[in-house]
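Colleague: Quick one: the structure is below, and I'll ask about it shortly.
The values are calculated or read from the model by the stated rules, or taken from the named source; none is laboratory data. Since this is a predicted model, take the numbers as computed values, not measurements. Using ideal geometry, Cβ is built from the backbone for each residue, glycine included, and neighbour counts are taken over all protein chains shown. Please note that ligands, DNA and RNA were not included when accessible areas were found on the heavy atoms of the full protein model with its side chains. Shrake-Rupley method; radii C 1.70, N 1.55, O 1.52, S 1.80 Å.
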Amino acid sequence: MKYLIDMSMLYEVDTCTISIDGEEESSIRLSNQASRLLYELILNSGKMLERDYLIKKVWEDHGFTGSSVSLNVAISEIRKAFKNLGRDPMLIKTLRGKGFSLKAHIEHHTVRPREITPPVIVTQETDEMTVISDRTLNANATMPPKLRAKFTVVLVLLIVAVLISAGVYYFLLMRSKLTFIEQEAHFIGKVDNCSLYVIDKNFLEGNNDYTTMVTNEMKYHKVDCNGRNLDLYYSWFIKKDLQNYFLGVCHPDKAGNDYINCQSYRRLSGS
């Protein structure tokens, strides 16, 4: 399913991608939660959707724990995608303390199938045009009935096998791409003007190692917390021999109800 946003941006629901219509090379893949959020905004274009409603539809109905913070991050991600595509990020309006709405013209995007003209032949005797029917072009129609039945069974089994393999691959791929923001953020304290959050399903209350890990990433990426208020989100996971460290740096607005923008940093360690 595809939607045309503001007569220019093409959003494809199944692949979570957004691009300029007709320019596939501009495609940007949204995270799962940002894609679900954009879908809800599109379905309710022009309407103000309350925060609690969006958290339920985007996170809780899919088995995740949502929060106002994760909602703000997802809104910021969509706005950043709009901006990177050269479009107005403020198509998504904020009603302070209540919710969000998408103020854009929305259309279902459909592609007209290419018309195929059946091949024709000219008989030498009458010079009349004779259209070759689909049956004469179908090699399967010339097979003996038993052979045709075996061929059909093999073809069906092959298609089923391909679909099952594709489904398993897609499930594993989507599972590996789940972003850390879909999990619950745990506040662990402050460093100067920065509020620190840890994304960890095995979070242990009172573990002082979290602060050390976050401050190490702050130093590595040269994040300065002296002159401005920032929200930092830290997460990590180990895959094979590599340790993956993630740090999200978000800039709240003056009211503290939304993020102006967010930046993400990644560091690999190991061999």
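Colleague: Within segment 60-69, can one find any residue that is touching a helix residue (DSSP H, G or I) at 6+ places or on another chain (Cβ under 7 Å), hydrophobic (A, V, I, L, M, F, W, C) and within 24 Å of Gly167 (Cα to Cα)?
Modeller: For segment 60-69, residues touching a helix residue (DSSP H, G or I) at 6+ places or on another chain (Cβ under 7 Å), hydrophobic (A, V, I, L, M, F, W, C) and within 24 Å of Gly167 (Cα to Cα): present.
Colleague: Just one of Asp61, Asp14 is part of a loop (DSSP other than H, G, I, E, B), of a type outside the set (Lys, Arg) and open to solvent by 70 Å² or more (accessible area, probe 1.4 Å); which is it?
Modeller: Asp14
Colleague: Filter segment 169-200 down to the residues that are assigned to a helix (DSSP H, G or I) and charged (D, E, K, R), then identify the one that is modelled with the lowest pLDDT.
Modeller: Here the residue is Glu182.
Colleague: Show the residue pairs meeting these rules: Cβ distance below 9 Å; 6+ apart or different chains; first residue within segment 65-94 and open to solvent by 50 Å² or more (accessible area, probe 1.4 Å) and among the polar types (S, T, N, Q); second residue at pLDDT below 90 and in a loop (DSSP other than H, G, I, E, B).
Modeller: Thr65/Gln183; Thr65/Glu184; Ser68/Asn257; Thr94/Asp253; Thr94/Asn257; Thr94/Asp258
Colleague: Got a sec? Which strands (runs of 3 or more DSSP E) wholly within segment 69-168 have at least 2 residues that are at pLDDT 85 or above?
Modeller: Working: elements: 92-95, 99-102, 106-108, 120-122, 129-131.
Because the criterion is at least 2 residues that are at pLDDT 85 or above, the strands (runs of 3 or more DSSP E) in segment 69-168 that meet it are 92-95, 99-102, 106-108.
Colleague: On the basis of being in contact with a strand residue (DSSP E or B) (Cβ under 7 Å, 6 or more places away or on another chain), open to solvent by 40 Å² or more (accessible area, probe 1.4 Å), part of a helix (DSSP H, G or I) and of a type outside the set (S, T, N, Q), does Lys56 make the cut?
Modeller: Criteria not met by Lys56.
Colleague: Based on this model, can you work out whether Leu268 counts as under 22 Å from Arg96 (Cα atoms) and either at pLDDT 75 or above or open to solvent by 50 Å² or more (accessible area, probe 1.4 Å) (or both)? Break it down stepwise before answering.
Modeller: Details: under 22 Å from Arg96 (Cα atoms): no; either at pLDDT 75 or above or open to solvent by 50 Å² or more (accessible area, probe 1.4 Å) (or both): yes.
So Leu268 fails the test.
Colleague: Is segment 23-38 home to any residue that is open to solvent by 30 Å² or more (accessible area, probe 1.4 Å) and either part of a loop (DSSP other than H, G, I, E, B) or aromatic (Phe, Trp, Tyr) (or both)?
Modeller: Of segment 23-38, the ones open to solvent by 30 Å² or more (accessible area, probe 1.4 Å) are 23-25, 27-29, 36.
When the remaining residues are screened for being either part of a loop (DSSP other than H, G, I, E, B) or aromatic (Phe, Trp, Tyr) (or both), the result is none.
The answer is no; no qualifying residue exists.
Colleague: Looking only at segment 41-53, filter to residues that are part of a helix (DSSP H, G or I) and within 12 Å of Tyr3 (Cβ to Cβ); which one of those is most open to solvent (accessible area, probe 1.4 Å)?
Modeller: Selected residue: Leu43.
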